[in-house]
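Student: This is the structure, below, for whatever I ask next.
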Amino acid sequence: MSLGEKWAVGSFVQFAVVDREEDVYRVTEQLYHLESNRHELRAETSSPFYRATVPFAPHLFGSGKTTFCLSYLELVQRFRETSLSSFASDGSRKEFLDKLREAVLLYVDLRLLEPINPIEEKRNLKWAVLYLLFKSTCLKSGQGQPDPDECFKVFKLRTDVLIKKIREVLSMRTDQFLLVAFDEVGVLDESDEEFHFKRTPDGRVRPYNDFFRILWELCLEDNVFFIVVGKSEGLSIKNYVASVSKVLLHFISLSPLNSSSIVEFLEKSYLKVQTQSRVCDILCNRSFSVNELAEALLEYTGGVPGLLTRAVNMLLNYVQTRGQSFKSKEDCLSCMKEHGFRTVCSQPFVTRISTLDESRRSVLDMLLMMALYRIPFKADDELNSGSYLFDAVTEMGFYRYPIDENTFQVLFPKVFIRNLNNASSFSLLEKILLGSLNMEPVDCFFSSKCRVFEGIVATRLVLILSSKVRNEFRELLGRLSAIWKEMKLPINGPSPLHYMMSVSRGEARSESNKKRKTYGCNEWNEIIHKALCFDRVYIPKEVNSYSPDIMFKLQSPDDSNVLMVGVACKGRWKSEGIGWSDIIEEAKKFLYPVFNEFLSQALECYHCMLIIFGTKLALNVTSELGNQSRCYTSRMRIGGNSFEIPPKCELVILCERDVEMLTDREILNGLERAFSTSDNPPFGDLGFNLLRRARDSFMSLQ
């Protein structure tokens, strides 16, 4: 069976439109704002309301732009008694919502925009837009394509005449709302040679300024509203248009679907032919619930609607071809892990990523770091001078996951990664980051203090352990610890960061229909033998794990000794620093249970080491260390004899000077500044230079 036959995409399903309550509410609010301030537009006063309000969705292919436009009025009806009930809080808003329910939608595909006759107006953008509006109207009403010369004789360039004629063709009342949805606005990026655009003082053209100026004129007409969507540089356009074209664009977030929304999506979508056959019933059986299917789809598609629908169609084809549904989540995931599935599913989406120019290619690893470490960014954060991060995410083929109206995270769906990871053009660091994103559990959205710090240290450790050149950090640990000196280093090769179930303070609890998320505090035997493989660096899935922040396992060349290593990252910049009580707390939650539950009954070849990696040590700790790193071995006592190192265990405390071998001083200073303002600092607080410095420090170890 060929790749195309096994993973046919097809179009088997009538997909339901789900979620979008918040987007519908915001768009409705913005349309109301235009209606209530339309008189200000005509007056052109000094009031800030003279700018026309237009909802705008500058997103990538597959984000649900077109579907949202086409289904917006249907969604208004659906949410009228639920999420929109609070919108209609007074008489004028209720009246507006009642009229919106009766609105007529006119969908306009800007890919059909072209210079149009008559000759004297052939390169005039305004006439091309007005004609396309009327052409779309005629096609919607079932009429043929109108003659452009005849249209021009009637309309000229008068928007009032055009809107009146549109109402006649669509049999609309004069007081009935007309909602125009312009799709694929990104075609204007490629229209420089087709139309006469106004030039800026420095000689550049801004086609979006000209386009939205036309929309501003159309907004002067009563009861006319607009939604604009398309693949474009949203923030740059918004900023230019606000000042030049007197249009205020409001972003429609169109966030990826979460697990519960995907469940609803699967339960409400039916086969086109067999209209009583729900998608979830075909893909699932008694031992494989729709919730588990939703989790699997979320993990691989990130909830991006276009990817989700493509993946579901492919899974349906696979199930119907083999004649049976999936037996378990693992059965379903094994399909989505296949190279062929990922190749076909992601094919239309990864074009931009694979054809990046040099300027964008140079910041690919930065965006991958942001996606991996879950670094949030604000809408107006600059990637570099004149380039907004908001726009760069779209340009480079990534997606944005909105946290709130002005804050986002970079989303890179897992289904993309297999294709890219095999490309020879990617650097070692990029492959590690891509591989780490591929390993990451979908619910591991980091939000704890210092998670970025831990991520940087973990990635540095991967490179340090695998580097074939002389390495100061490895040599330092070799001088401090005899057992470390016996380990086989460098390891076989740099592998991605891996994730293990977190360790809980008490017994691990099972959850119905879900894979267990935590180990109990008495399960270190299972952790060491089953969870941790040699030569891989792990971090816990949950941020409050009762274990070190980073763990890995090494062995000696002749397999005579095994060393279990935990790294406790103490990102603290307070004046008092990290004291003995902090160090002892970390030792108790790792060395004690590992010894009691495992080492005391294990073979002599097993050993355990805890490394305290702190950004600032308390004065009494620094004084006892003598301003140098130190290794405390079995039976030694620390903290005024209050803690004894268990047998076959070692505790390494790094002095501040040696900490810089893992994370240099400039990075630490940048993290200190960032974390002084927030437990989860956004990109603007971390800064482009800090991430670039971290990237450069990684590259130096390749």
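The values are calculated or read from the model by the stated rules, or taken from the named source; none is laboratory data. Small disclaimer: the values here were computed from a predicted structure and weren't measured. Please note: Cβ atoms are built from the backbone with ideal geometry, for glycine as well, and neighbour counts cover all protein chains shown. Calculation scope for accessible area: heavy atoms of the full protein, side chains included, ligands and nucleic acids excluded. Shrake-Rupley method; radii C 1.70, N 1.55, O 1.52, S 1.80 Å.
Student: Which of the residues belonging to the stretch 645-683 are over 26 Å from the mean Cα position of the chain (by Cα), of a type outside the set (Val, Ile, Thr) and outside any helix (DSSP H, G or I)?
Tutor: Of everything in the stretch 645-683, those that are over 26 Å from the mean Cα position of the chain (by Cα), of a type outside the set (Val, Ile, Thr) and outside any helix (DSSP H, G or I) turn out to be PRO646, PRO647, LYS648, CYS649, GLU650, LEU651, LEU654, CYS655, GLU660, MET661, LEU662, ASP664.
Student: Between LEU70, LEU106, LEU97, which is touching a Leu at 6+ places or on another chain (Cβ under 9 Å), in contact (Cβ under 8 Å) with a residue 24 or more places away in the chain, outside any loop (DSSP other than H, G, I, E, B) and open to solvent by 10 Å² or more (accessible area, probe 1.4 Å)?
Tutor: One residue alone meets the criteria, LEU70.
Student: Oh, and also: Scan the stretch 548-562 and tell me whether some residue there is open to solvent by 10 Å² or more (accessible area, probe 1.4 Å), touching a residue at least 12 places away in the same chain (Cβ under 8 Å) and within 32 Å of the chain's Cα centre (by Cα).
Tutor: yes
Student: Do you know which residues across the stretch 644-664 are in contact (Cβ under 8 Å) with a residue 60 or more places away in the chain and out of contact with any Cys (no Cβ under 9 Å at 6 or more places or on another chain)?
Tutor: ASP658, MET661, LEU662, THR663
Student: Every residue in the stretch 167-185 that is under 35 Å from the mean Cα position of the chain (by Cα) and part of a loop (DSSP other than H, G, I, E, B), please.
Tutor: Selection gives GLU184 alone.
Student: Of the residues that make up the stretch 249-267, is at least one assigned to a helix (DSSP H, G or I), touching a strand residue (DSSP E or B) at 6+ places or on another chain (Cβ under 7 Å), open to solvent by 10 Å² or more (accessible area, probe 1.4 Å) and modelled with pLDDT of 90 or more?
Tutor: There is at least one residue in the stretch 249-267 that is assigned to a helix (DSSP H, G or I), touching a strand residue (DSSP E or B) at 6+ places or on another chain (Cβ under 7 Å), open to solvent by 10 Å² or more (accessible area, probe 1.4 Å) and modelled with pLDDT of 90 or more.
Student: Working only within the stretch 380-401, note down all residues that are open to solvent by 10 Å² or more (accessible area, probe 1.4 Å) and either in contact (Cβ under 8 Å) with a residue 40 or more places away in the chain or part of a strand (DSSP E or B) (or both).
Tutor: Result: ASP380, ASP381, GLU382, ASN384, SER387, TYR388, GLU395, TYR399, ARG400, TYR401.
Student: Also, I was wondering about something else. Taking interchain pairs and intrachain pairs at least six residues apart, which have beta carbon atoms under 8 angstrom, with the first residue in the stretch 578-597 and more than 18 Å from MET551 (Cβ to Cβ) and the second in a helix (DSSP H, G or I)?
Tutor: ILE578/VAL621; GLY579/ASN620; GLY579/VAL621; TRP580/ASN620; TRP580/VAL621
Student: Continuing with this model, one more query. Show the residue pairs that are 6+ apart or on different chains and have beta-carbon atoms under 6 Å apart, the first residue being within the stretch 615-628 and within 9 Å of GLU656 (Cα to Cα), the second being in a helix (DSSP H, G or I) and aliphatic (A, V, I, L, M).
Tutor: Going by the 6 Å Cβ cut-off, the qualifying pairs are THR615/LEU668.
Student: A further question on this structure: Among the listed residues LEU157, LEU139, LEU170, which satisfies the condition of being open to solvent by 20 Å² or more (accessible area, probe 1.4 Å), out of contact with any helix residue (DSSP H, G or I) (no Cβ under 7 Å at 6 or more places or on another chain) and of a type in the set (A, V, I, L, M, F, W, C)?
Tutor: Step by step, each of LEU157, LEU139, LEU170 is checked, and only LEU139 is open to solvent by 20 Å² or more (accessible area, probe 1.4 Å), out of contact with any helix residue (DSSP H, G or I) (no Cβ under 7 Å at 6 or more places or on another chain) and of a type in the set (A, V, I, L, M, F, W, C).
Student: Hey, does the stretch 328-349 have a residue that's in contact with a Cys (Cβ under 9 Å, 6 or more places away or on another chain) and at positive phi?
Tutor: no
Student: Kindly indicate whether LEU215 is at pLDDT 85 or above, out of contact with any Lys or Arg (no Cβ under 9 Å at 6 or more places or on another chain) and either of a type in the set (S, T, N, Q) or not in a strand (DSSP E or B) (or both).
Tutor: yes
Student: If we scan the stretch 607-620, do we find a residue that is part of a strand (DSSP E or B), surrounded by fewer than 22 Cβ atoms within 10 Å (Cβ to Cβ) and not aromatic (Phe, Trp, Tyr)?
Tutor: Checked against the condition, which is being part of a strand (DSSP E or B), surrounded by fewer than 22 Cβ atoms within 10 Å (Cβ to Cβ) and not aromatic (Phe, Trp, Tyr), the stretch 607-620 yields no hits at all.
Student: Among the residues of the stretch 684-695, is any open to solvent by less than 30 Å² (accessible area, probe 1.4 Å), within 22 Å of PRO548 (Cβ to Cβ) and assigned to a helix (DSSP H, G or I)?
Tutor: Yes - at least one qualifying residue is present in the stretch 684-695.
Student: Give the stretch 607-647 a look and list any residue that's within 16 Å of LYS589 (Cα to Cα) and among the aliphatic types (A, V, I, L, M), or say none.
Tutor: MET609, LEU610, ILE611, ILE612, ILE638, ILE645
Student: Name the pairs: first residue in the stretch 265-289 and under 14 Å from ALA16 (Cβ atoms) and among the basic types (Lys, Arg), second residue in a helix (DSSP H, G or I) and open to solvent by 20 Å² or more (accessible area, probe 1.4 Å), Cβ to Cβ under 8 Å, at least 6 apart or on different chains?
Tutor: Between residues of the stretch 265-289 that are under 14 Å from ALA16 (Cβ atoms) and among the basic types (Lys, Arg) and residues that are in a helix (DSSP H, G or I) and open to solvent by 20 Å² or more (accessible area, probe 1.4 Å), the close pairs are ARG278/GLU267; ARG278/LYS268.
Student: Determine the pairs where a residue that is modelled with pLDDT of 75 or more, located within the stretch 418-429, has a partner that is open to solvent by less than 50 Å² (accessible area, probe 1.4 Å) with Cβ atoms under 6 Å apart, the partner being 6 or more residues away or on another chain.
Tutor: LEU429/ASP365; LEU429/PHE698
Student: Identify all residues within the stretch 317-341 that are open to solvent by less than 60 Å² (accessible area, probe 1.4 Å), within 26 Å of VAL273 (Cα to Cα) and without any contact (Cβ under 8 Å) to a residue 24 or more places away in the chain; write none if there are none.
Tutor: CYS335
Student: From GLU644, GLU672, GLU660, grab the single residue that is surrounded by fewer than 18 Cβ atoms within 10 Å (Cβ to Cβ) and touching a strand residue (DSSP E or B) at 6+ places or on another chain (Cβ under 7 Å).
Tutor: None of the others qualify; the one that does is GLU644.
Student: Could you identify the single residue in LEU105, LEU132, LEU97, LEU178 that is of a type in the set (A, V, I, L, M) and over 30 Å from GLU21 (Cβ atoms)?
Tutor: Just a single option satisfies the conditions, and that option is LEU132.
Student: Being under 28 Å from SER243 (Cβ atoms) and either without any contact (Cβ under 8 Å) to a residue 60 or more places away in the chain or surrounded by 13 or more Cβ atoms within 10 Å (Cβ to Cβ) (or both) narrows it down to one residue among VAL9, VAL27, VAL13, VAL18; which is it?
Tutor: Only one candidate qualifies: VAL27.
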